[in-house]
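Here's the structure we're looking at; comments come further down.
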Ligand SMILES: [Zn+2]
């Protein structure tokens, strides 16, 4: 499905089969010499077909088109190696590009097993099979021709002039594109309507929730009339949505503190008791992927509370436990 959003800007809906996100928004911006395509969809048959048909309908030649991948997740980067031509420049931030470039060989996937261990998921009996992870299954092939973009890097396409804004949190190298004159923001998965971007702690050492909240503040300071997100519908009230996201995480932190009480608990124990906007009543009914994302969220909130001095953190048989100081 193609929707013209603004002059020379088209939203292409790319289906994500059997995934709760349903679809990724890819955006095509028609330029004078070069066009730009922002994000792609999974490396799977359904996404490939939808993208091929849309590019045909829009009469796009990938030789004249560059790619910007907002972040490493396969629902955004998946079709990169399917679409790229020798003439295509592929822009990405280095922190995410090195993970995408390594495909299934990326060190990112070594962290996956460690996360299952330290969050308590393995002790809870979860199946340790990386092959089930959609990010692994639908990753692009290995790729090493990225053009790295730093914060503030400018990309001009036709009448649009975009600044790349590093907005880490959802991933370490997430970028948004901002046209200051047109007050237009491509938000990737940094700001979404209806669904809240998943903030997961994969690796100990970085306060990802703290980074995310700071990156929200950064966008809140901008003048934005239109937000073009990586999933679902287009937004107009950018600051209003940021306030909701901030409030969502404030409540979630409060929820985590209430669950902990005076106990010493690990990530999965907290995740089981948190409030989730899902139809499953019992943790045992949660699908494998949802258990992973829920526990990742619990861990990012617990770790933020540790990082800011509220909780203490101890390790027992490779599992991290949190309690009030
Ligand atoms: Zn994402």
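The values are calculated or read from the model by the stated rules, or taken from the named source; none is laboratory data. Because the structure is predicted, anything quoted here is derived from the model rather than measured. Methodologically, a virtual Cβ is constructed for each residue, glycine included, from the backbone with ideal geometry; neighbour enumeration extends over all protein chains shown.
Within the stretch 185-200, identify whether any single residue is touching a residue at least 12 places away in the same chain (Cβ under 8 Å), out of contact with any helix residue (DSSP H, G or I) (no Cβ under 6 Å at 6 or more places or on another chain) and more than 23 Å from residue 76 (Cα to Cα), and answer yes or no. Checked against the condition, which is being touching a residue at least 12 places away in the same chain (Cβ under 8 Å), out of contact with any helix residue (DSSP H, G or I) (no Cβ under 6 Å at 6 or more places or on another chain) and more than 23 Å from residue 76 (Cα to Cα), the stretch 185-200 yields no hits at all. Can you confirm whether residue 144 is away from the ligand (no atom under 13 Å from the Cβ), assigned to a loop (DSSP other than H, G, I, E, B) and touching a strand residue (DSSP E or B) at 6+ places or on another chain (Cβ under 7 Å)? So residue 144 fails the test. Screening the candidates 278, 311 for the property of being surrounded by 19 or more Cβ atoms within 10 Å (Cβ to Cβ) and free of Cβ contacts under 8 Å to residues at least 60 places away in the same chain yields one hit, 311. Put simply, of 252, 264 the only residue that is surrounded by fewer than 16 Cβ atoms within 10 Å (Cβ to Cβ), more than 16 Å from the ligand (Cβ to nearest atom) and within 30 Å of residue 316 (Cα to Cα) is 264. Checking 153, 118, 146 one by one, the residue that is surrounded by 13 or more Cβ atoms within 10 Å (Cβ to Cβ) and within 14 Å of residue 295 (Cβ to Cβ) is 118 and no other.
Filtered by the rule that a residue be in contact with a helix residue (DSSP H, G or I) (Cβ under 6 Å, 6 or more places away or on another chain) and more than 15 Å from residue 218 (Cβ to Cβ), the stretch 144-172 gives 144, 146, 148, 171, 172.
If we keep just the residues of the stretch 192-210 that are away from the ligand (no atom under 12 Å from the Cβ) and buried (at least 21 other Cβ atoms within 10 Å of the Cβ), which is nearest to residue 174 (Cα to Cα)? The extreme case among them is 208. Against the definition (within 30 Å of residue 320 (Cα to Cα), in contact (Cβ under 8 Å) with a residue 24 or more places away in the chain, buried (at least 17 other Cβ atoms within 10 Å of the Cβ) and out of contact with any helix residue (DSSP H, G or I) (no Cβ under 8 Å at 6 or more places or on another chain)), how does residue 139 come out, yes or no? Here the answer is no, as residue 139 does not meet what is asked. The residue of the stretch 174-191 that is nearest to the ligand (Cβ to nearest atom), among those that are closer than 25 Å to residue 115 by Cβ and in a strand (DSSP E or B), is 188. Within the stretch 72-85, can one find any residue that is within 29 Å of residue 278 (Cβ to Cβ) and more than 18 Å from the chain's Cα centre (by Cα)? Taking every residue of the stretch 72-85 in turn, none turns out to be within 29 Å of residue 278 (Cβ to Cβ) and more than 18 Å from the chain's Cα centre (by Cα).
Reported count of residues in the stretch 201-215, each being at pLDDT below 95 and under 15 Å from residue 248 (Cβ atoms), is 0. Just one of the listed residues (6, 16) is more than 16 Å from the ligand (Cβ to nearest atom) and closer than 25 Å to residue 193 by Cα, namely 6. Among residues of the stretch 161-173 that are more than 17 Å from residue 77 (Cβ to Cβ) and modelled with pLDDT under 95, none has a beta-carbon under 7 Å from a residue that is away from the ligand (no atom under 15 Å from the Cβ) and assigned to a loop (DSSP other than H, G, I, E, B) at least six positions away or on a different chain.
If I filter the stretch 257-266 for residues that are in a helix (DSSP H, G or I), within 30 Å of residue 160 (Cα to Cα) and in contact (Cβ under 8 Å) with a residue 12 or more places away in the chain, do I get at least one hit?
Taking every residue of the stretch 257-266 in turn, none turns out to be in a helix (DSSP H, G or I), within 30 Å of residue 160 (Cα to Cα) and in contact (Cβ under 8 Å) with a residue 12 or more places away in the chain.
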